[in-house]
Amino acid sequence: MIGLLHPGEMGAAVGRCLANRGHTVLWASEGRGAATVARDADMILSVCPPHAATDVAWAVHGFRGLYVDANAISPGTAREVARMITDSGGRYVDGGIIGPPPVKPGTTRLYLSGTDAGLVRAVFAGTDLDARIAGTTLTAASAVKMAYGAWTKGTGALILAIREFAREAGVEDTLLAEWALSQPSLEQRSHGSAQAATAKGWRWVAEMEEIAASMSAAGLPDGFHLAAAEIFRSYPRSQPER
């Protein structure tokens, strides 16, 4: 049996992939808490906002099965979660999901790393979620997720900041006209970034902070993604986008 903690839109889609493959999925929900899932499951899959990853792992402290953390967390945070699990006798696999909720084949990858990564990949074989081995180190999957999000979401925050600056300076229409001439994809990208930030920006604050921590740990500047976190934190959900 596979326990799923704490499924939102992404987690629910991942759970359906497993259920459709014939696995018994235990959902943490009102009436079935994390401790109950940990008692009954052989494997636990954590899919939650990144700021909650360590709390979710602590909620199943003492779990002795296979724990898969598939959250957008830094390699450093992943190692912290791994210690929580392994110190109490459990086994840990690092994970990172790239793509939308998996509702059809070919859209979404689950990167995995750690000694038991191959076992988890086998569990997802034949499902709409394409499970792949990220590398040989324990936290390779988190590193892939951080590197990928650093570009996709980090540049999205940059575009939002640029348009806000142009708007405040009274030159937004001129900038959009220039983009149409020389960078035709940017205006459409900025619309998509604004819509995504309105819906999910609150969730990306912690992810940008995790990316900043990853950069700092690698001896690289963390300011890019700390600034991106501030953009998503302050982005007004009610802001009209034209």
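In table form, for the structure just shown:
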{"quantity": "Among (1) over 25 Å from Ala213 (Cβ atoms); (2) out of contact with any Ser or Thr (no Cβ under 8 Å at 6 or more places or on another chain); (3) not polar (S, T, N, Q), the one test that Gly90 misses", "calculated": "(1)"}
{"quantity": "Single residue of the stretch 100-126 satisfying the filter (under 13 Å from the mean Cα position of the chain (by Cα) and not hydrophobic (A, V, I, L, M, F, W, C)) that is surrounded by the fewest Cβ atoms within 10 Å (Cβ to Cβ)", "calculated": "Pro100"}
{"quantity": "Residues that are out of contact with any strand residue (DSSP E or B) (no Cβ under 9 Å at 6 or more places or on another chain) and in a helix (DSSP H, G or I), drawn from the stretch 53-62", "calculated": "Thr54, Asp55, Trp58"}
{"quantity": "Residue match in the stretch 164-173 (condition: touching a residue at least 40 places away in the same chain (Cβ under 8 Å), among the hydrophobic types (A, V, I, L, M, F, W, C) and closer than 26 Å to Ala229 by Cβ)", "calculated": "no"}
{"quantity": "Selected residue [more than 25 Å from Val144 (Cβ to Cβ) and either open to solvent by 30 Å² or more (accessible area, probe 1.4 Å) or not in a loop (DSSP other than H, G, I, E, B) (or both)] from Gly76, Gly15, Gly22, Gly3", "calculated": "Gly22"}
{"quantity": "So Ala212, is it in contact (Cβ under 8 Å) with a residue 12 or more places away in the chain and surrounded by 19 or more Cβ atoms within 10 Å (Cβ to Cβ)", "calculated": "yes"}
{"quantity": "Number of positions in the stretch 1-47 that are closer than 18 Å to Arg121 by Cβ, more than 23 Å from the chain's Cα centre (by Cα) and free of Cβ contacts under 8 Å to residues at least 60 places away in the same chain", "calculated": "2"}
{"quantity": "Selection from the stretch 89-99 of residues that are open to solvent by 20 Å² or more (accessible area, probe 1.4 Å) and in a loop (DSSP other than H, G, I, E, B)", "calculated": "Gly89, Gly99"}
{"quantity": "Filtered residues of the stretch 1-20 (kept if among the charged types (D, E, K, R) and at pLDDT 95 or above)", "calculated": "Arg16"}
{"quantity": "Conditions (1) within 18 Å of Thr115 (Cβ to Cβ); (2) in contact with a Cys (Cβ under 8 Å, 6 or more places away or on another chain); (3) β-branched (Val, Ile, Thr); number of the one not met by Ile44", "calculated": "(2)"}
{"quantity": "Failed item in (1) open to solvent by less than 60 Å² (accessible area, probe 1.4 Å); (2) over 22 Å from Ile2 (Cα atoms), with Thr136 passing the rest", "calculated": "(1)"}
{"quantity": "Residue check for Val103: assigned to a helix (DSSP H, G or I) and of a type in the set (Val, Ile, Thr)", "calculated": "no"}
{"quantity": "Filter result for Ala217 (among the aliphatic types (A, V, I, L, M) and open to solvent by 80 Å² or more (accessible area, probe 1.4 Å))", "calculated": "yes"}
{"quantity": "Tally, over the stretch 27-46, of residues that are open to solvent by 10 Å² or more (accessible area, probe 1.4 Å) and either in a helix (DSSP H, G or I) or closer than 30 Å to Ala218 by Cα (or both)", "calculated": "6"}
{"quantity": "Of residues in the stretch 163-195 being aliphatic (A, V, I, L, M) and touching a helix residue (DSSP H, G or I) at 6+ places or on another chain (Cβ under 8 Å), the one surrounded by the most Cβ atoms within 10 Å (Cβ to Cβ)", "calculated": "Ala194"}
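The values are calculated or read from the model by the stated rules, or taken from the named source; none is laboratory data. As the structure is a prediction and not an experimental result, all values here were calculated from the model. Note that each Cβ is placed from the backbone with ideal geometry, even for glycine, and that neighbours are counted across all protein chains shown. Just the protein is used for accessible areas: all its heavy atoms, side chains included, with ligands, DNA and RNA removed. Shrake-Rupley method; radii C 1.70, N 1.55, O 1.52, S 1.80 Å.
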